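Below you'll find the structure, written out as structure tokens, and then a few comments.
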Amino acid sequence: LPFWKGKKGVEEASHLDRELRRSIATALSSGDFKGKEGEILLTYVSSDLLEKRVILLGLGHKEKISLEIVRQAYGNVIK
């Protein structure tokens, strides 16, 4: 799941399902993931969801995004 780095930490993706947002809230609020460019966090989610774990992917500041940043970020996830 891609995330932007905001002024006060991570800007949540509003398009996420409510249950999924609730499941990753702890990881987001703990400060372990800030949405920095290239940052990756694997986290486990609620057993009620089809997905058992998700990867949070930091894209950095929205204003500085480029195709190269996106390419490198997703390449890191695949590694």
Across segment 32-46, which residue is most open to solvent (accessible area, probe 1.4 Å) among those that are of a type in the set (Gly, Ala, Ser) and under 16 Å from TRP4 (Cβ atoms)? GLY38
Just give me the residues in segment 40-64 being free of Cβ contacts under 8 Å to residues at least 40 places away in the same chain and more than 19 Å from SER23 (Cβ to Cβ), in sequence order. GLU63, LYS64
Only unsatisfied item for LEU49, checking (1) surrounded by 11 or more Cβ atoms within 10 Å (Cβ to Cβ); (2) modelled with pLDDT of 85 or more, is (2)
Breaking point among (1) β-branched (Val, Ile, Thr); (2) in contact with a helix residue (DSSP H, G or I) (Cβ under 6 Å, 6 or more places away or on another chain); (3) at pLDDT 90 or above, for VAL70: (2)
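The values are calculated or read from the model by the stated rules, or taken from the named source; none is laboratory data. Keep in mind it's a predicted model, so treat the numbers as computed, not measured. Glycine also receives a Cβ, built like all others from the backbone with ideal geometry; neighbour counts cover every protein chain displayed. Protein only, heavy atoms only, side chains kept; ligands, DNA and RNA dropped before computing areas. Shrake-Rupley method; radii C 1.70, N 1.55, O 1.52, S 1.80 Å.
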